[in-house]
Amino acid sequence: MKKKIAILGSTGSIGTQALEVISEQSATLEVEVLTANSNSDLLIQQAIEYKPNHVVIADESKYLAVKEALMPHDIKVYGGSRAIEELMGITSADIVLTAMVGYSGLKPTIAAVKNKKRIALANKETLVVAGEIITDLCAQHKVPLIPVDSEHSAIFQCLVGEAEQSVEKIILTASGGPFRGKKTSDLLEVTKAQALKHPNWSMGAKITIDSATLMNKGLEVIEAKWLFGVEADQIEVVVHPQSIIHSMVSFKDSSIKAQMGLPDMKLPIHYAFFFPNRVEASFKRLSFKEMSNLTFEEPDKETFRNLALAFEAMKRGGNAACILNAANEIAVEAFLQDRIKFLQIAALNEACLEKVSFIGKPSIEDYVATDVEARKFALSLLP
Ligand code: NDP
Ligand code: MG
């Protein structure tokens, strides 16, 4: 029996790489569900090639076009973002890869967990927004949450066979992004094109900007807290520009384990699909002979304020990280539309974190309301 995979966000950077992994492993993996927001052309092309049972296009204005194109292929087509959630109760998928971007991944992930689908989690914002609710739900429904984010996959791999209480610290590596080493005065006029040029990884626009502001690392720190059940002071960030060590765990006896490899998201996707097994893959091998050096430095939290804000939100708890995430989604979008400058992203995030109503023990409804309030406030600050 092949494992059936649902890819939420199949037209994105993670989604398309997941399809490459499935192509290579077609003897044991098959596509059950594909979803996209509005890229109907690519979605149709993927559906014809991979023959899933179900396809969802969130943008309802594209629904008829997708339905018509897939009519001869015996594929069920749905429109609207609610359909992604509803499908989680219908599909026979074994694994749901959450590769949508931002807050949009929250409700489909909750629906997938409630329907006992194993989660391969790329969409880190889901854990940032409502980590406690998601991890509690996974425990309640006995659903494994397998990280796909390269750092968290690395930590997860380092923890295999280790007792929870033997962990001392989690060390997340960061490439430092395109502006590593720059100071505030160098960043006043940086452009969107410069920020979108990541030195090591090719990713979607939102995460690429997050990498340039170090918000991505901030979101990952919060993601790590929920995935691995550690406290804020047990998480450290180290800048490692070569992106060869994907992250590390230090143990109580002073031993440190690292997971290494070339920067290629296909490996953590492949690992999440097959965990706990290791299955042969053709990915390019890392050669130590071709590597000149691995270097490490402290992150500059003063210039890249977002990383400090994420630690602050994590310490505050409650809905603070949800506020920060919503503000950041608005800020990044505004930067991509040339409405604000690079440094204003962190300024806007900070203002929202201070001003939006804090809730100590939020319910899921509180998170939804917080997201709305924070977005509204962030929008009101835009020029
Ligand atoms: P992309 O922007 O490349 O792709 C996002 C996908 O989600 C697309 O299929 C898009 O559809 C769909 N989508 C976007 N918004 C919505 C919405 N409102 N409703 C339904 N579907 C939507 O993102 P990435 O692949 O780069 O990132 C996906 C997630 O994985 C993010 O959370 C990111 O942080 C995380 N991640 C990504 C990594 C990477 O290397 N790219 C590494 C580690 C984590 P459409 O194409 O139609 O817009
Ligand atoms: Mg990452």
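The values are calculated or read from the model by the stated rules, or taken from the named source; none is laboratory data. Small disclaimer: the values here were computed from a predicted structure and weren't measured. Here Cβ is always computed from backbone atoms with ideal geometry, including for glycine, and neighbour counts include all displayed protein chains. Heads up: the accessible areas ignore ligands, DNA and RNA and are worked out on the full protein's heavy atoms, side chains in. Shrake-Rupley method; radii C 1.70, N 1.55, O 1.52, S 1.80 Å.
Observations
- Residue tally, condition surrounded by 24 or more Cβ atoms within 10 Å (Cβ to Cβ), within 12 Å of ligand 2 (Cβ to nearest atom) and of a type outside the set (A, V, I, L, M), over the stretch 207-237: 7
- For the stretch 317-347, a residue qualifies if it is open to solvent by less than 30 Å² (accessible area, probe 1.4 Å), outside any helix (DSSP H, G or I) and in contact with a helix residue (DSSP H, G or I) (Cβ under 7 Å, 6 or more places away or on another chain), and the qualifying residues are Asn319, Ile340.
- Boolean, Ile340 is closer than 21 Å to Leu188 by Cα and of a type in the set (Val, Ile, Thr): yes
- Members of the stretch 197-233 that are more than 12 Å from ligand 1 (Cβ to nearest atom), over 25 Å from Ile134 (Cα atoms) and in contact with a helix residue (DSSP H, G or I) (Cβ under 6 Å, 6 or more places away or on another chain): Ala212, Thr213
- Subset of the stretch 240-250 [under 19 Å from Lys183 (Cα atoms) and open to solvent by 10 Å² or more (accessible area, probe 1.4 Å)]: Pro241
- Test: Thr109 is under 21 Å from the mean Cα position of the chain (by Cα), closer than 30 Å to Thr135 by Cβ, assigned to a strand (DSSP E or B) and of a type in the set (Ser, Thr, Tyr): no
- Of all residues in the stretch 176-206, exactly one satisfies the criterion of being assigned to a helix (DSSP H, G or I), surrounded by fewer than 16 Cβ atoms within 10 Å (Cβ to Cβ) and of a type in the set (A, V, I, L, M, F, W, C), namely Ala193.
- Any hit, the stretch 253-262, residues being within 16 Å of the chain's Cα centre (by Cα) and loosely packed, with under 15 Cβ neighbours inside 10 Å: no
- Positions within the stretch 117-175 being polar (S, T, N, Q) and either farther than 21 Å from Ala313 by Cα or open to solvent by 20 Å² or more (accessible area, probe 1.4 Å) (or both), in sequence order: Thr135, Gln140, Ser150, Ser153, Gln157, Gln165, Ser166, Ser175
- Considering the stretch 255-292, the residues that are of a type in the set (S, T, N, Q) and touching a residue at least 24 places away in the same chain (Cβ under 8 Å) include one that is nearest to Ala163 (Cα to Cα), namely Gln259.
- Against the conditions (1) part of a loop (DSSP other than H, G, I, E, B); (2) in contact (Cβ under 8 Å) with a residue 40 or more places away in the chain; (3) not polar (S, T, N, Q), Lys169 satisfies every one except (1).
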